[in-house]
Each structure stands twice: as C-alpha cells, then as structure tokens.
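Asker: I'd like to ask some things about the structure below.
The values are calculated or read from the model by the stated rules, or taken from the named source; none is laboratory data. No experiment lies behind these values; they were computed from the predicted model shown. Here Cβ is always computed from backbone atoms with ideal geometry, including for glycine, and neighbour counts include all displayed protein chains. SASA here: full protein model, heavy atoms, side chains in, ligands and nucleic acids out. Shrake-Rupley method; radii C 1.70, N 1.55, O 1.52, S 1.80 Å.
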Amino acid sequence: MATRSPGRSASSARCCRPVTSWFACIGPRVWRFTADDIRCWADVLRAEIRTAGLLAPEALLDLALAFHHAVRDDVPGYTAVAGLLEQRAGGDYAYYADIAAFMTGRPAPSATARWIEDEETVRARWRELVTVRRALVRL
C-alpha cells in the first residue's frame with residue numbers, strides 16, 4: 001500500500017506508485033503499463049489537472065483514455081470515459097465525444113460537431129487508428 005507523500009492529493013494517495021516514479025517510465029527502457037497502472041496514472045493526472053483548474057488537459061486525458069479502452073476493447077472502461085466526454089458535448093470539446101464514438105464504431109452522441117470532411121471519412125480514419133494499434137499491441 002502506498003503512503004501519502006506531501007503535495008499529493010487524496011485521490012492520488014491510493015495510487016500504486018508515487019507521482020515521480022511515473023516519470024521514470026519515460027526513459028530508454030521499455031515499461032509496460034497494466035490496466036491498473038493506467039487507471040492509477042489517469043487518477044493522478046486528473047487530480048493534478050483539477051487542482052490546477054484546467055479544462056483542456058482533462059478533456060484530452062479523457063480522449064486518450066477512450067483510445068486506450070477502445071484498443072483494449074474494454075467496454076466498461078470506454079463507457080465510463082465516453083460518459084465524461086459526452087458531458088462536455090455542448091461546449092468547445094463536442095468533437096471529442098464524437099471521436100471517441102468513431103474509435104469504437106458507435107454512433108456519434110452529438111450533432112454539434114462539424115467536420116471539414118464528411119463524417120464517414122473521419123469515422124473511418126479514427127476507427128483505423130484503433131484497429132492498427134490493436135494489431136500492433138496484439139492483446
């Protein structure tokens with residue numbers, strides 16, 4: 001069980017690794033994240049983003065998590081993140097909810113996002129990213 005260190009929020013205290021050890025992953029060695037590590041890391045990042053009062057990084061974090069869950073075909077994880085993205089669907093990040101839906105082949109939840117190209121082309125590109133990544137990861 002991790003102990004709480006000074007400067008860490010209560011939500012990140014339950015995390016399995018101290019915040020500084022996450023940055024040790026970014027180096028020359030290869031480190032594979034488990035599903036629990038990803039959830040833990042996301043909790044830490046979300047707490048730090050909310051503490052800073054920033055909206056854009058949290059929306060981007062949710063989109064990255066949607067991609068992660070789509071690649072792993074983790075329906076419960078995707079559904080939870082998609083719900084967070086759909087809460088922002090009326091604002092500046094309406095297209096994030098659509099992109100998340102495109103990644104899994106589901107219908108777009110909002111009709112507020114407008115695309116430069118037709119929606120089917122955009123949908124196919126995002127779905128292809130997930131499909132290619134899934135093949136590379138070989139889950």
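Asker: From Cα pairs below 8 angstrom and at least 6 apart in sequence, can you work out the relative contact order of segment 47-101, rounded to a whole percent? Don't skip to the end; give the middle numbers.
Answerer: On the way: 42 pairs, mean separation 16.3, N = 55.
With pairs under 8 Å counted, the relative contact order is 30 percent.
Asker: So how strong a dipole does segment 53-139 carry about its Cα centre when Lys and Arg Cβ are +1 and Asp and Glu Cβ are -1, to the nearest 20 debye? Don't skip to the end; give the middle numbers.
Answerer: Working: 10 positive and 12 negative charges, 69 e Å.
Computed about the Cα centre, the dipole is about 320 debye.
Asker: Which of rounded, prolate or oblate describes segment 52-139 when judged by the alpha-carbon gyration tensor and an a/c cut-off of 1.5?
Answerer: Since a/c reaches 1.5 but b/c is at least a/b, the shape of segment 52-139 is classed as oblate.
Asker: Taking all protein chains as present, what is the carbon and sulfur share of the accessible area of segment 94-139, in % to the nearest whole number, probe 1.4 Å? If you can, show how the numbers build up before the last one.
Answerer: Numbers: 1690 of 3090 Å².
Looking at segment 94-139 in its full context, I get 55 percent from C and S.
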